[in-house]
Amino acid sequence: MPRRKTPQSGAPSTRDSGATPFAAESAFRQSSGGPAGAPHARIDDAGVARTREVGQTVDGMPYNAGKASEYGPDAATPALGQTSKSPSPLARASTVRERNDTPKTGGPAAPGLNAVTGDLSRVRADAEGTPLTTNQGVPVADNQNSLVGGMRGPALLKDFVLREKITHFDHERIPERVVHARGSAAHGYFEAYDALGELTCAAPFAEAGKRTPVFVRFSTVAGERGSKDTARDVRGFAVKFYTDQGNWDLVGNNMPVFFIQDAMKFPDLVHAVKPEPHHAMPQAASAHDTFYDFISLTPESTHMMMWLMSDRAIPRSFRMMQGFGVHTYRFVNASGVSKLVKFHWTPRLGTHSLVWDEAVKIAGADPDFHRRDLWEAIENGAYPEWELGVQIFTEAQADTFSFDVLDPTKIVPEEMIPVTPIGRMVLERNPDNFFAETEQVAFCVANVVPGIDFTNDPLLAGRIHSYVDTQLTRLGGPNFHELPINAPLAPVQNHQRDGMHRQTVHRARVAYDPNSMGGGCPFQAGSGGYIPFPEPVPERGVEMRGKPARFAEHFQQATLFYESQSPAEQRHIIDAYRFELSHVSVPGIRRRMLSMLRNVSEPMAAAIAAGLGMPLPDPMPPAAVAPAAPEVDRSPALSMQAHPGDGGIASRKIAVLVTDGTHAEVVKVVTRTLLAQQADVRLVGEHVGLCAAADGEALDADAALDSHPGFLFDAVVVPPGEPAVDRLCANGHALEFVRHQFRHCKTLLAIGEGRRLLDAAGVMPDDGDTGVRYTATPDPATLETFIAAVAMHRHYGREESAAWRSV
């Protein structure tokens, strides 16, 4: 047997002396293969040094120490992920040449940093003082003319400036949302009143006074992106909390219940309410055959339909509507103790609505009415504000209720579980760019943070899936979370990679877990991460389709809602059903709806039937057999009038009618008094611009009677001036202006000769109508009374008068 050769360079045998075996230095810089040993520490080369440090990092994890904890009872409390600290950042470098930075590459990423997350300032653009360029940064010399072969010659294919501009334009639109396509949004903050550690470990409620940034989107549901704001519809009320534990999306509506009990029926509901497929009509409206065909065969929708036919479906403003989480959720504290919770947003300005005739007219005059109202309020410093309240109860309490709290067609009446205020939300900044923010924001019910968890609500379960799924098509792939408006403020680190429009440039070689080459990073957070509440499941449960027995009662809470409304609100529900069902062309569907509504209220059903010229059919047989008696038969909080707001007139739009001959001094006194109360005052004339006042001064009208009709305003003042009132009495737009104000139950103030305009318009109020005020001069007491009347929002008692019916 031949003798073993001794190592070169006189180095002793490793086996004999423990010295490092010889290997070529270049062997440690290869991307495939390599020596068995580690490189010597004295070799001063970046590639070799990285190989050495990666080896040291890997050696720090000789085996997967957490594997055993994945099995048995220990799996319920996941352990912190195993890590091995790298000797230096070089060990995690994708390339050892990362320090060869250029103005484009920049330097290496700071340890633990993902620069794609963070505030929006990193992506904002401002063009002041800069020349026009292509998307590649090439300055554009001529943005007026295509490149042509001769002055009258053909356009040339090589015109890359034209091609880029037209091509980008051709692809500017993205698919709109299937529902909630029409929306408006704003930035703001949520401020907690107190620490709620006993109830939840969720970040927004960690301490008193803590502020969490939010982005809030309001929307209609059925209409397309370009539809009107004032349709009779549910309004989406979605809040994205950018917490320090990640993003939490509380995706609700301005109504606390829904049409269906199971997500299986959601496509059917939406197909029914959307424009009918054969002729694509009507737009943004539920008053048609397919919707009521579905609804009349879906009696669990009865409660929601009462809300939809109420004034809640035509809010005066996004700023004047409540918001609800709809479903029952869980609060979970740091000890893992859970209580059930329902979320309520209540506006500081109170809950106020339009009337239907007004909503229809606004849709024609200003289809952006709600969007404009929100934008202008924030621009003018009248920041919208809501108080967040919660209903907290235990599962033991829920088990005693006559209804199932997992049924999204049911509320928990406040008489049973009071609403406790826990914080406030203020919206104080409009978006810089509608598309980049309002259109590209992606809300998802599945976005929760530690301390917030789900229940087994079957509609909620479907929403958890659907909201993610729809963004994949709408926003072009799985990386929509990297769009600036969706990116959290909390750090994002995981092994998800690639996909359409990926923005993150990941450093390091590993994209899997467990790993040792990356030091085990990013590692699972263990008890510091999101741990679902361990909700018990039936030991002998079987797979099945169906609903619990308590879901079968469909009418008691619809009755509760109707009986809790004021007489005016009940009239409006009846009128809404008359309007809607008069657009249904199939008599059998009308009859079926009436039969369903007889289970809610006999007087209501009879009044609706009379309005349709139909006899009452037999009541619809209920699905529930001997349901438990309801705990509550009246709940005042269900009436919008239970939430009047702070009593002020801030941001209310008040018109002061002016024309040639108007008394300017009266206009000034009235305007200054109203502005002092933060009202939004407009001088409305026969035309915009200057008019000659009676005392020789000029008044500058900023709106015209024909372009800004009366139904766009919350109140009107008619100043004195004999020639001015003569002109207005001869102007049909002025007469219609005050008629609309009166018919829509708003507040009118006529000063001096201004009364003649109301008389000419046929506005003859009853003596008890506090919403129509007359005065000889604008004295402080009269103006104070007028302001108080405007603050009441509407004077619905007027609808019962002969004067109202005659206008």
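The values are calculated or read from the model by the stated rules, or taken from the named source; none is laboratory data. Because the structure is predicted, anything quoted here is derived from the model rather than measured. Using ideal geometry, Cβ is built from the backbone for each residue, glycine included, and neighbour counts are taken over all protein chains shown. To get the accessible areas, we keep the full protein, side chains included, count just its heavy atoms, and leave off ligands, DNA and RNA. Shrake-Rupley method; radii C 1.70, N 1.55, O 1.52, S 1.80 Å.
Take segment 614-654 and flag every residue that is farther than 30 Å from Val586 by Cβ and loosely packed, with under 14 Cβ neighbours inside 10 Å.
Within segment 614-654, Val625, Ala626, Ala628, Ala629, Asp633, Arg634, Pro636, Asp646, Gly647 qualify.
Just checking, does segment 494-510 include any residue being among the small types (Gly, Ala, Ser) and at pLDDT below 90?
Yes - at least one qualifying residue is present in segment 494-510.
Out of all the residues in segment 294-304, is one or more aliphatic (A, V, I, L, M), over 30 Å from Pro204 (Cβ atoms) and either modelled with pLDDT of 95 or more or open to solvent by less than 10 Å² (accessible area, probe 1.4 Å) (or both)?
Within segment 294-304, one or more residues are aliphatic (A, V, I, L, M), over 30 Å from Pro204 (Cβ atoms) and either modelled with pLDDT of 95 or more or open to solvent by less than 10 Å² (accessible area, probe 1.4 Å) (or both).
Does Phe215 fit the bill of being in contact with a Gly (Cβ under 7 Å, 6 or more places away or on another chain) and closer than 20 Å to Asn430 by Cβ?
No, not satisfied.
Hey, can you tell me all the residues within segment 637-671 that are in a strand (DSSP E or B) and out of contact with any Pro (no Cβ under 9 Å at 6 or more places or on another chain)?
Lys653, Ile654, Ala655
Listed here are the residues, each with its yes/no results for (1) among the acidic types (Asp, Glu); (2) surrounded by 15 or more Cβ atoms within 10 Å (Cβ to Cβ); (3) in contact (Cβ under 8 Å) with a residue 12 or more places away in the chain.
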residue: Ile485; (1), (2), (3): no, yes, yes
residue: Asp498; (1), (2), (3): yes, no, no
residue: His506; (1), (2), (3): no, yes, yes
residue: Asn515; (1), (2), (3): no, yes, no
residue: Gly518; (1), (2), (3): no, yes, yes
residue: Ser527; (1), (2), (3): no, no, yes
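Would you confirm whether any residue within segment 479-493 is over 26 Å from the mean Cα position of the chain (by Cα) and either hydrophobic (A, V, I, L, M, F, W, C) or part of a loop (DSSP other than H, G, I, E, B) (or both)?
Within segment 479-493 (the criterion being over 26 Å from the mean Cα position of the chain (by Cα) and either hydrophobic (A, V, I, L, M, F, W, C) or part of a loop (DSSP other than H, G, I, E, B) (or both)), the answer is yes, since at least one residue qualifies.
Assigned to a helix (DSSP H, G or I) and either aliphatic (A, V, I, L, M) or not assigned by the TED database to the domain that holds Phe190 (or both), is that true of Ile362?
On the way: assigned to a helix (DSSP H, G or I): yes; either aliphatic (A, V, I, L, M) or not assigned by the TED database to the domain that holds Phe190 (or both): yes.
Yes, satisfied.
Considering only residues that are among the aliphatic types (A, V, I, L, M) and within 16 Å of the chain's Cα centre (by Cα), which ones fall in segment 214-233? Don't jump to the end; show me each part of the working.
The initial filter retains those residues of segment 214-233 that are among the aliphatic types (A, V, I, L, M), namely 214, 216, 221-222, 231.
The answer is Val214, Val216, Val221, Ala222.
Is it the case that Glu385 is assigned by the TED database to the domain that holds Val332 and either buried (at least 21 other Cβ atoms within 10 Å of the Cβ) or within 30 Å of Pro213 (Cβ to Cβ) (or both)? Walk me through how you get there before you give the answer.
Values: assigned by the TED database to the domain that holds Val332: yes; either buried (at least 21 other Cβ atoms within 10 Å of the Cβ) or within 30 Å of Pro213 (Cβ to Cβ) (or both): yes.
For Glu385, the condition - assigned by the TED database to the domain that holds Val332 and either buried (at least 21 other Cβ atoms within 10 Å of the Cβ) or within 30 Å of Pro213 (Cβ to Cβ) (or both) - is met.
Going by what's in this entry, would Arg330 be described as at negative phi, assigned to a strand (DSSP E or B) and not aliphatic (A, V, I, L, M)?
Criteria met by Arg330.
Does segment 349-358 contain any residue that is open to solvent by 20 Å² or more (accessible area, probe 1.4 Å), closer than 30 Å to Met620 by Cα, assigned to a helix (DSSP H, G or I) and not charged (D, E, K, R)?
So far as segment 349-358 goes, yes, one or more of its residues are open to solvent by 20 Å² or more (accessible area, probe 1.4 Å), closer than 30 Å to Met620 by Cα, assigned to a helix (DSSP H, G or I) and not charged (D, E, K, R).
Check Arg152, Arg177, Arg99 and return the single one that is closer than 30 Å to Asp249 by Cα, of a type in the set (Lys, Arg) and part of a loop (DSSP other than H, G, I, E, B). Lay out the reasoning, then the answer.
On the way: Arg152 fails: closer than 30 Å to Asp249 by Cα; Arg99 fails: closer than 30 Å to Asp249 by Cα.
The match here is Arg177.
Determine which member of the set Asp407, Asp399 is crowded, with 21+ Cβ neighbours inside 10 Å, closer than 30 Å to Pro636 by Cβ and more than 16 Å from the chain's Cα centre (by Cα).
Asp407
From the list Pro89, Pro73, Pro62, Pro21, exactly one residue is over 30 Å from Gly528 (Cα atoms) and either free of Cβ contacts under 8 Å to residues at least 60 places away in the same chain or under 47 Å from the mean Cα position of the chain (by Cα) (or both). Which is it?
Pro21
Could you check segment 320-363 and list, in sequence order, the residues that are of a type in the set (A, V, I, L, M, F, W, C) and without any contact (Cβ under 8 Å) to a residue 40 or more places away in the chain?
Within segment 320-363, Val337 is the sole residue that qualifies.
Tally up the residues in segment 66-80 that are open to solvent by less than 60 Å² (accessible area, probe 1.4 Å), under 24 Å from Gly518 (Cα atoms) and not polar (S, T, N, Q), please.
Residues in segment 66-80 being open to solvent by less than 60 Å² (accessible area, probe 1.4 Å), under 24 Å from Gly518 (Cα atoms) and not polar (S, T, N, Q): 3 in total.
Which one is nearest to Glu736 (Cα to Cα) among residues in segment 361-413 that are in contact with a Ser or Thr (Cβ under 6 Å, 6 or more places away or on another chain) and among the β-branched types (Val, Ile, Thr)?
Ranking the qualifying residues of segment 361-413, first place goes to Ile362.
Restricting segment 220-239 to residues that are out of contact with any helix residue (DSSP H, G or I) (no Cβ under 9 Å at 6 or more places or on another chain) and part of a strand (DSSP E or B), which is farthest from Gly451 (Cα to Cα)?
Step by step, filter segment 220-239, then rank; the result is Gly236.
Among the numbered criteria (1) part of a strand (DSSP E or B); (2) farther than 23 Å from Leu354 by Cβ, which one does Val716 miss?
The one condition Val716 does not meet is (2).
What tally of residues in segment 754-769 results from selecting those that are closer than 19 Å to Val670 by Cα and either within 41 Å of the chain's Cα centre (by Cα) or open to solvent by less than 60 Å² (accessible area, probe 1.4 Å) (or both)?
Residues that pass the stated criteria total 3.
Of all residues in segment 469-495, which are basic (Lys, Arg) and in contact with a strand residue (DSSP E or B) (Cβ under 8 Å, 6 or more places away or on another chain)? Talk me through it step by step, then tell me what you get.
Here is the first cut: in segment 469-495, the residues basic (Lys, Arg) are 474.
Once the filter is applied, which keeps residues that are basic (Lys, Arg) and in contact with a strand residue (DSSP E or B) (Cβ under 8 Å, 6 or more places away or on another chain), segment 469-495 yields nothing.
Between Ala788, Ala781, which is surrounded by fewer than 20 Cβ atoms within 10 Å (Cβ to Cβ), under 37 Å from the mean Cα position of the chain (by Cα) and not in a strand (DSSP E or B)?
On the way: Ala781 fails: under 37 Å from the mean Cα position of the chain (by Cα).
Step by step, each of Ala788, Ala781 is checked, and only Ala788 is surrounded by fewer than 20 Cβ atoms within 10 Å (Cβ to Cβ), under 37 Å from the mean Cα position of the chain (by Cα) and not in a strand (DSSP E or B).
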